[in-house]
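The values are calculated or read from the model by the stated rules, or taken from the named source; none is laboratory data. Model, not experiment: these values are computed from the prediction. Positions of Cβ are backbone-derived with ideal geometry, glycine not excepted, and every protein chain shown enters the neighbour counts. Ligands, DNA and RNA are stripped out before the accessible areas are found, and what is left, the full protein with its side chains, is counted by its heavy atoms. Shrake-Rupley method; radii C 1.70, N 1.55, O 1.52, S 1.80 Å.
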Amino acid sequence: MPNLNKINNRLGAFYLVGEIAATFLLASIVKALQPDFSIFIILFFRYLFCLPLLVGYAIYSRGHNFLNIKNIRGLILRTGFGFMGLLMWYLAISKIDISLATALLMTMPIFITGLSAVIAKEQVGVKRLAPVLLGFVGVLMLLFPISPELNLWGAVFALLGSLFAALMFVYLRILGRSDPSVSTAIWYNSMGLILAGIFTITEGGFEPIINLSDPNLIYIFVAFGILASFQQFFLAQSHFYAEASTLAPLHYLSIPFGVGVGILFFGEIITVKFMMGTAIIIGSTYYILLRDRLK
């Protein structure tokens, strides 16, 4: 008789790898589009073309109750933090190397540990505080000494993206106890669409899209949104088939994905300082995840 848990873990890992690959394909498209289009326009079309597949799947799986949500407060917080996290991530990769932005994003478990003390009032002793401090040493190693080529705002956006993503995951877990992920995803993307539309109009409107010189660009935006819907589906399925603690180490695949995309498509250069800082961040976050898993 096959070990069903093992099969589920493999499926979960497969979906998570697919989610990571989709994330960096999306990041590459953002970095390529950003010189010609604002981040808010890119976000608007990401949310717009992400919705149809999610709505179709929700109707198929939940019927006429596909929009029903019980935890409204949790949904609002997840939506706000999710929007800000994605906005900060897109701003970061538009200003700094994808490889650096990815390494800084790996500080998320460090922020989660800090937030657990503030939000959940958990006790954070020396054994939990030490890897947090070590992780910030890794961040400082990545950023200092500051060179003229480094866009400090890009680094700030990457760290803020990690912070907001940590907050988003906290409330995503809370939502998962009461509401289906596909329904929360529809509400999140719908509200993100409205917010991105408001910011686009405030910033300068949709004129760059209306006056597209290359009609094929609209197909790129459509593909971008559809790929984003698959990314969310892969993420939800990975956590359906396997526990978060089982999947946690696989998130470090983001580093080779980010480095590979940066080198192959954008000519980024990886330095010894980058590898040392990244290794410190990975080591500290892995220790945090390992301690949480052994509890």
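For this structure, a couple of remarks:
- Residues of the stretch 167-195 satisfying the condition of being open to solvent by less than 30 Å² (accessible area, probe 1.4 Å), among the small types (G, A, S), within 18 Å of R62 (Cβ to Cβ) and under 17 Å from the mean Cα position of the chain (by Cα): A185
- Helices (runs of 4 or more DSSP H) (entirely within the stretch 51-137) containing at least 1 residues that are modelled with pLDDT of 80 or more, open to solvent by 30 Å² or more (accessible area, probe 1.4 Å) and not aliphatic (A, V, I, L, M): 72-95
- Here Y287 passes the criteria (1) at pLDDT below 75; (2) under 18 Å from the mean Cα position of the chain (by Cα) except the one numbered (2).
- Scanning the stretch 271-283 for residues that are under 22 Å from L150 (Cβ atoms) and either open to solvent by 50 Å² or more (accessible area, probe 1.4 Å) or not hydrophobic (A, V, I, L, M, F, W, C) (or both) turns up T271, V272, K273, M275, M276, G277, T278, A279.
- F81 among the aromatic types (F, W, Y) and under 16 Å from F230 (Cα atoms): no
- Residues that are at pLDDT 80 or above number at least 3 in the following helices (runs of 4 or more DSSP H) confined to the stretch 162-245: 181-203, 216-241.
- Criterion violated by L11 - all others in (1) over 26 Å from Y252 (Cα atoms); (2) open to solvent by 20 Å² or more (accessible area, probe 1.4 Å); (3) in contact with a helix residue (DSSP H, G or I) (Cβ under 6 Å, 6 or more places away or on another chain) satisfied: (1)
- The set of residues from the stretch 20-50 being hydroxyl-bearing (S, T, Y) and either open to solvent by 40 Å² or more (accessible area, probe 1.4 Å) or closer than 18 Å to F233 by Cα (or both) comprises T23, Y47.
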